[in-house]
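*Asks:* Questions regarding the structure given below will be posed in turn.
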Amino acid sequence: MNATLNITEPTGRTWQYALPSDRTITIGRAKDNEIVLNDRRVSRKHAFIFNDGSGFKVVDGFVENGQLYRSVNHVFVNDEVRLEKMLEEGDVMIIGESRLEFQKGPERIATQATRPVTLSSTIEREIDRSQNVNFDDSPLGHTQVQISVNEIIGRKSNLSLESAVATPEEIKDLRRKAKFLDLLFEMSKTLGTVFDLEEIFEKATDLIFRGTPADRVIALLADEAGNYDSLYQIGAKTRDVSFEKLSEKLSVSRTITRRVLEDGVAILSQDAKTDEQFQGAESIVSQGVRSTICAPLITQSGVHGVLYADRLDPFAAFRQDHLELISAVAAQTAVTVETVKAHKRLAREEVARANYSRFMPEYVVQQLLENPDSFRLGGVNQIITVLFADIRGFTSISEHENPEKVVGLLNHYFTAMTEIIFEHGGTLDKYIGDGLMALFGAPTATPDDARNALNAAVAMQRRLVTLKTELAEQGFDRIAIGIGLHTGIATIGYIGSERRSEYTAIGDTVNLAARLESNTVGGQILISEATVRAAGNIFPMTRREPLTVKNRKQPVDLFEVKWD
């Protein structure tokens, strides 16, 4: 029996091959095959055809040392994955991206009994779409196909533009693509206005049910940290209400979801019973799942989760075009999911920024926003410089002025002092009545912390000179402040309860800085020897009498900074 293969390669090259009846014909990318396909998705040895006496049969794979090895990307015959098939007149094999049409009888030029179809410009544009496919060569199982989201609509039609005539098979393919594009266009219009994750899933599921024979669809999302081991279900939906109870018990294969998440590829499994990727997921097999598709919710920034779909019909499986559609829906859904997450993240950051910007410099707030794990109870020990400042004689001021005027004085004073602290990289720990406490070196320590703290103390005293004039114009008495600084190890972190905590520092270093400030008079800056060593002699200083401090055996050496 004579037979011919009409072959069309992805490059557009077309040629014919007459099948001999007396020997086996191998097909693949390697040069030692009888039929060599210039196709990067074709395995080196992909398939073979032989005449078993009753006709020609195509078999997926190759034989070596008596062992049959299947190809990675499989053989599609009339859009179905087939491990082997007796070829019949008009059968179309897809190997990689190459098309091989089987014809019986003598070699002939393809003719059309039907009326020729002239392509519209819309169809021509569709055929000209570029293609970017990335397949993993490592075997996944006996009946699996992988596809990257970039392939979604990228397959070129086998139609030759030069002939401008479409075969019935090509027309069928173009209609499938038209439906495909129509669904995607509809999805792009609807998802653009959705900002609820559950509603997004509803829209995506509806399109999957309309475009594929899926019985169940499940959406799984990774947590905010992108942890693939803690996927959580955002929704599950069935085509038939009779499957709802099964969906409640469904557990998706972790092996497959991890592969999809890590590699960013969609996986089609033709038979869950024989697929090694479903080992350990007995519940899937026991429920009669025949075929599954798992596609990543992937964007440029990463993978956000997966869309999983399955079929419960024991005699039917998903096809390649179903894989493409679900991959496309997943890709578009991922963009919307990322947008929703970004909106929520920006809203949280805006609230956090508004709260923390009152106490910390902008760069510190940014560090905290970029590392939210730091917002937890507990602390670390590190070297910091602590600054205490207090208004001298404030008690008498508050006794002789009305409360509103006192609050106005403090607000004016604290605003000016806080700006100086932030300008020098300090963190405002707290306001204490008419005083304040600031940290330099928290949350991030630097070699310049003590120097910055000392510069801030001098700037505060100098700013008070002009501030006195401003306050006098508003009817306030002149005020003076005393400042104390000490450098040492302190425990820094969030201290309090789970319901309310504050970022602060505790320890002997804090206590000593407070003691130094309490021994100052108006206009004075007292610092410890530890701060002098850490900051250097950037200002003139005068040694003072050592200060005896409770619970310390040795008096503390003191220095007064000359800032005026």
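The values are calculated or read from the model by the stated rules, or taken from the named source; none is laboratory data. A quick note: this is a predicted structure, and the numbers were derived from the prediction, not measured. Here the Cβ is made from the backbone with ideal geometry for all residues, glycine too, and neighbour counts use every protein chain on show. When the accessible area is computed, the model is the full protein with side chains, heavy atoms only, and any ligands, DNA or RNA have been set aside. Shrake-Rupley method; radii C 1.70, N 1.55, O 1.52, S 1.80 Å.
*Asks:* With the requirement that a residue be of a type in the set (Asp, Glu), part of a helix (DSSP H, G or I) and in contact (Cβ under 8 Å) with a residue 12 or more places away in the chain, what does segment 293-352 give you?
*Replies:* Within segment 293-352, ASP321, GLU324, GLU338, GLU349 meet the criteria.
*Asks:* Just wondering, is there one or more residues in segment 414-425 that are open to solvent by less than 40 Å² (accessible area, probe 1.4 Å), at pLDDT below 95 and not in a helix (DSSP H, G or I)?
*Replies:* Taking every residue of segment 414-425 in turn, at least one turns out to be open to solvent by less than 40 Å² (accessible area, probe 1.4 Å), at pLDDT below 95 and not in a helix (DSSP H, G or I).
*Asks:* Going through LEU19, LEU5, LEU100, LEU83 one at a time, which residue ends up being surrounded by 14 or more Cβ atoms within 10 Å (Cβ to Cβ) and over 24 Å from ARG319 (Cβ atoms)?
*Replies:* LEU19
*Asks:* So, one more: Scanning for something open to solvent by less than 60 Å² (accessible area, probe 1.4 Å), among the aliphatic types (A, V, I, L, M) and at pLDDT 80 or above, does segment 365-385 turn up at least one residue?
*Replies:* Yes, segment 365-385 contains a residue that is open to solvent by less than 60 Å² (accessible area, probe 1.4 Å), among the aliphatic types (A, V, I, L, M) and at pLDDT 80 or above.
*Asks:* Also, I was wondering about something else. May I ask you to verify whether LEU297 is under 22 Å from ASP321 (Cα atoms), modelled with pLDDT of 55 or more, touching a Gly at 6+ places or on another chain (Cβ under 7 Å) and aliphatic (A, V, I, L, M)?
*Replies:* For LEU297, the condition - under 22 Å from ASP321 (Cα atoms), modelled with pLDDT of 55 or more, touching a Gly at 6+ places or on another chain (Cβ under 7 Å) and aliphatic (A, V, I, L, M) - is met.
*Asks:* Now a separate question. In this structure, is GLY66 of a type outside the set (A, V, I, L, M) and under 42 Å from the mean Cα position of the chain (by Cα)?
*Replies:* So GLY66 does not fit the description; no.
*Asks:* Say we look at segment 516-551 and pick out the residues that are surrounded by 13 or more Cβ atoms within 10 Å (Cβ to Cβ) and of a type in the set (D, E, K, R); which of these is nearest to ASN452 (Cα to Cα)?
*Replies:* GLU529
*Asks:* Tell me which residues, restricted to segment 25-45, are more than 13 Å from ILE95 (Cβ to Cβ) and surrounded by 13 or more Cβ atoms within 10 Å (Cβ to Cβ).
*Replies:* Once the filter is applied, which keeps residues that are more than 13 Å from ILE95 (Cβ to Cβ) and surrounded by 13 or more Cβ atoms within 10 Å (Cβ to Cβ), segment 25-45 yields ALA30, GLU34.
*Asks:* For segment 402-454, name all the residues that are β-branched (Val, Ile, Thr) and either more than 18 Å from GLY379 (Cα to Cα) or in contact with a His (Cβ under 7 Å, 6 or more places away or on another chain) (or both).
*Replies:* VAL406, VAL407, THR415, THR418, ILE420, ILE421, ILE432
*Asks:* Exactly one condition in (1) open to solvent by 60 Å² or more (accessible area, probe 1.4 Å); (2) in contact (Cβ under 8 Å) with a residue 24 or more places away in the chain is false for TYR431; which is it?
*Replies:* The number of the failed condition is (2).
*Asks:* When the residues of segment 64-75 are filtered to those that are more than 19 Å from LEU19 (Cα to Cα) and assigned to a strand (DSSP E or B), which remaining residue is least open to solvent (accessible area, probe 1.4 Å)?
*Replies:* Checked segment 64-75; the qualifying residue least open to solvent (accessible area, probe 1.4 Å) is LEU68.
*Asks:* Here's a check for you: in segment 443-470, which residue that is charged (D, E, K, R) and under 17 Å from LEU428 (Cβ atoms) is surrounded by the fewest Cβ atoms within 10 Å (Cβ to Cβ)?
*Replies:* ARG463
*Asks:* If you don't mind, there's one more thing I want to ask. Only residues that are within 16 Å of GLY482 (Cα to Cα) and small (Gly, Ala, Ser): list them for segment 410-427, please.
*Replies:* Once the filter is applied, which keeps residues that are within 16 Å of GLY482 (Cα to Cα) and small (Gly, Ala, Ser), segment 410-427 yields only ALA416.
*Asks:* Also, quick follow-up: In segment 491-540, which residues are polar (S, T, N, Q) and under 16 Å from PHE559 (Cα atoms)?
*Replies:* Once the filter is applied, which keeps residues that are polar (S, T, N, Q) and under 16 Å from PHE559 (Cα atoms), segment 491-540 yields SER518, ASN519, THR520, GLN524, SER528, THR531, ASN537.
*Asks:* Still on this structure, please answer the following. Specify which of the listed residues (LYS245, LYS273, LYS237) is open to solvent by 60 Å² or more (accessible area, probe 1.4 Å), at pLDDT below 70 and not in a loop (DSSP other than H, G, I, E, B).
*Replies:* Of the residues listed, the single one that is open to solvent by 60 Å² or more (accessible area, probe 1.4 Å), at pLDDT below 70 and not in a loop (DSSP other than H, G, I, E, B) is LYS245.
*Asks:* Between a residue in segment 379-395 that is on the phi > 0 side of the Ramachandran plot and any residue that is open to solvent by 20 Å² or more (accessible area, probe 1.4 Å) and in a strand (DSSP E or B), which pairs come within a Cβ distance under 9 Å, given they are 6 or more apart or on different chains?
*Replies:* What qualifies is GLY393/ALA480.
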